[in-house]
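The values are calculated or read from the model by the stated rules, or taken from the named source; none is laboratory data. Everything quoted here is computed from the prediction, not taken from an experiment. Virtual Cβ from ideal backbone geometry, glycine too; neighbours counted across all protein chains shown.
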Amino acid sequence: MSSMNRVTHSVTEHPGALGAFGRIRPLCRLGRIDRAFRPRLLAISLTSLLSSPLRLLEKAVYGKRLRNTAIPPSPIFVLGHWRSGTTHLQNLICQDNRLGYLSAFQAIAPGFCLIGRRTIRRLLALAVEPRNRTRPMDNVAFSLDAPQEEELALANMTVHSFAHAFVLPQRAEGLFRRYVLFEDLPDAARAEWIDHYLTLLRKVSVASGGRRLILKNCTNTARVPTLLELFPDAKFIHIHRNPYNVFTSTVHLHEKLTSLCQLQSVRPEHVETNVLTFYRELMRKYLGDRSLIPSENLVEVRYEDMEREPLPLLRGIYQRLGLPRFSDAEPAFRSYLASIRNYKKNRYDLAPEAVARVNRHWGFAFDEWGYTVR
């Protein structure tokens with residue numbers, strides 16, 4: 001695809017297109033926009049501006065109700081580095097219809113996802129779903145009703161989101177440290193992040209009829225102290241995967257999402273360096289903080305075990321966390337697993353020099369979870 005074609009993608013394919021207009025100017029102040037991507041910025045800005053009345057209408061209709069909405073206690077947080085199996089695990093558990101979750105539509109249009117959950121959702125599906133039968137980074141089927149992670153919604157609501165690293169890839173490390181690790185994050189910005197996050201979860205609670213929430217956001221892997229501050233009795237599921245597979249798949253993820261979102265150019269070697277750094281810092285933060293979680297509220301699982309024996313693993317999660325009546329949801333789990341039986345993962349070769357870099361930067365992960373070093 002040519003450079004011009006990339007920057008003139010249909011605006012519906014950009015994850016920030018339907019977000020709050022007020023976040024665009026602060027975002028542009030974070031980094032210089034390359035001339036080649038200014039048409040994309042213009043398209044995003046126009047779409048955000050044109051959808052502003054919908055966000056105002058949602059505030060008028062649902063503002064008071066949202067302020068009075070209590071988020072169901074002890075939500076379940078799925079943690080883990082990108083491409084470690086978090087999506088598969090959440091998709092599987094979400095087959096339990098007693099649980100609520102953030103949908104892709106809610107993540108793409110968080111500002112008007114309640115007033116728009118019927119007509120606007122159907123119109124958006126006509127524009128998005130036929131072209132995006134699978135996600136850009138893998139072969140997972142895309143649907144506006146499928147579970148999605150909160151970071152995309154937060155990027156649409158505020159400048160305080162790591163997802164903007166794919167928009168401004170030259171600033172990726174700084175955005176990671178500020179909005180994932182919360183390093184040097186001013187108190188006012190942290191309070192604003194919390195306010196947006198709780199507003200989002202209240203919207204999901206309203207849309208799901210007050211059901212207990214299961215939430216998947218890889219950036220939350222480094223935010224355990226803040227999540228416990230907000231939800232002291234939250235449950236946590238952490239999933240890990242062979243680091244070599246995580247590396248190759250995450251580099252592919254960054255390349256795909258950057259191509260879709262970027263307003264700046266970036267060199268491939270810069271992407272690989274970020275992947276190596278972000279995994280190391282994210283996982284070390286999690287390993288340092290996990291002792292804060294009461295033992296009965298945390299379970300750690302291997303992706304390879306879920307791939308091999310998903311139902312026994314899932315049953316163990318329910319037992320460990322005290323989740324009710326696994327048997328009630330088991331037929332739905334079996335049906336979903338049957339529906340994805342022919343799913344084919346992307347395969348990547350890992351060059352010897354890449355193996356050496358992974359060993360050097362991520363050696364602690366092999367030791368922690370017992371993976372074999374090449």
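Kindly establish whether T258 is modelled with pLDDT of 95 or more, closer than 23 Å to P147 by Cα and of a type in the set (S, T, N, Q).
On the way: modelled with pLDDT of 95 or more: no; closer than 23 Å to P147 by Cα: yes; of a type in the set (S, T, N, Q): yes.
No.
Across the stretch 121-143, which residue is nearest to F105 (Cα to Cα) among those that are in a loop (DSSP other than H, G, I, E, B) and at pLDDT 75 or above? Step by step, filter the stretch 121-143, then rank; the result is S143.
Take the conditions (1) at pLDDT 95 or above; (2) on the phi < 0 side of the Ramachandran plot; A146 misses just one of them, which is (1). Exactly one residue out of R67, R55 is surrounded by 16 or more Cβ atoms within 10 Å (Cβ to Cβ) and of a type in the set (K, R): that is R55. Tell me yes or no: at least one residue of the stretch 271-285 is at negative phi and loosely packed, with under 13 Cβ neighbours inside 10 Å. No; the residues of the stretch 271-285 include none that is at negative phi and loosely packed, with under 13 Cβ neighbours inside 10 Å.
Restricting to the stretch 40-76, name every residue that is farther than 16 Å from G116 by Cα and in contact with a Gly (Cβ under 8 Å, 6 or more places away or on another chain). Listed by number, the residues that qualify are I44, P72. The number of residues in the stretch 180-198 being in contact with a Lys or Arg (Cβ under 9 Å, 6 or more places away or on another chain) and within 21 Å of F236 (Cα to Cα) comes to 3. Any residue that is touching a Gly at 6+ places or on another chain (Cβ under 8 Å), in a strand (DSSP E or B) and modelled with pLDDT of 95 or more - is there at least one of those in the stretch 200-212? Yes, because at least one residue in the stretch 200-212 is touching a Gly at 6+ places or on another chain (Cβ under 8 Å), in a strand (DSSP E or B) and modelled with pLDDT of 95 or more. The residue of the stretch 50-98 that is farthest from H240 (Cα to Cα), among those that are aromatic (F, W, Y) and not in a loop (DSSP other than H, G, I, E, B), is Y62. Checked against (1) more than 24 Å from the chain's Cα centre (by Cα); (2) free of Cβ contacts under 8 Å to residues at least 60 places away in the same chain; (3) within 21 Å of A163 (Cα to Cα), R35 meets all criteria but (3). Once the stretch 204-249 is narrowed to residues that are surrounded by 22 or more Cβ atoms within 10 Å (Cβ to Cβ) and either among the charged types (D, E, K, R) or free of Cβ contacts under 8 Å to residues at least 24 places away in the same chain (or both), the residue that is nearest to G100 (Cα to Cα) is K216. Looking across the stretch 343-357 at every residue that is surrounded by 11 or more Cβ atoms within 10 Å (Cβ to Cβ) and under 12 Å from S249 (Cβ atoms), the one that is modelled with the highest pLDDT is identified as L350.
Give the number of residues within the stretch 323-344 that are small (G, A, S) and under 28 Å from D233 (Cβ atoms).
Here is the first cut: in the stretch 323-344, the ones small (G, A, S) are 327, 329, 332, 335, 338-339.
This time we only want the ones that are under 28 Å from D233 (Cβ atoms), so: 327, 329, 332.
Number of matching residues: 3.
Among the residues of the stretch 99-114, those that are more than 22 Å from A329 (Cβ to Cβ) and not in a helix (DSSP H, G or I) comprise A109, C113, L114.
So which residues in the stretch 222-275 are more than 28 Å from L323 (Cα to Cα) and either touching a strand residue (DSSP E or B) at 6+ places or on another chain (Cβ under 9 Å) or not in a helix (DSSP H, G or I) (or both)? Step through it out loud before you land on a result.
As a first pass, look at the stretch 222-275 and keep what is more than 28 Å from L323 (Cα to Cα): 243-275.
Within the stretch 222-275, V246, Q262, L263, Q264, S265, V266, R267 qualify.
Candidates in the stretch 218-242 are the residues that are of a type in the set (S, T, N, Q) and closer than 22 Å to A163 by Cα; of these, the one that is farthest from the chain's Cα centre (by Cα) is T226. A Cβ distance below 8 Å, combined with a sequence gap of six or more or placement on separate chains, defines the contacts here; from the stretch 267-283, residues that are within 17 Å of L168 (Cβ to Cβ) reach residues that are buried (at least 17 other Cβ atoms within 10 Å of the Cβ) and among the β-branched types (V, I, T) in the pairs V271/V251; V271/T258; V275/T250; V275/V251; F278/V180.
E151 meets the conditions (1) more than 22 Å from W82 (Cβ to Cβ); (2) in a helix (DSSP H, G or I); (3) in contact (Cβ under 8 Å) with a residue 60 or more places away in the chain; (4) not aliphatic (A, V, I, L, M) in every case but one. The failed one is (1).
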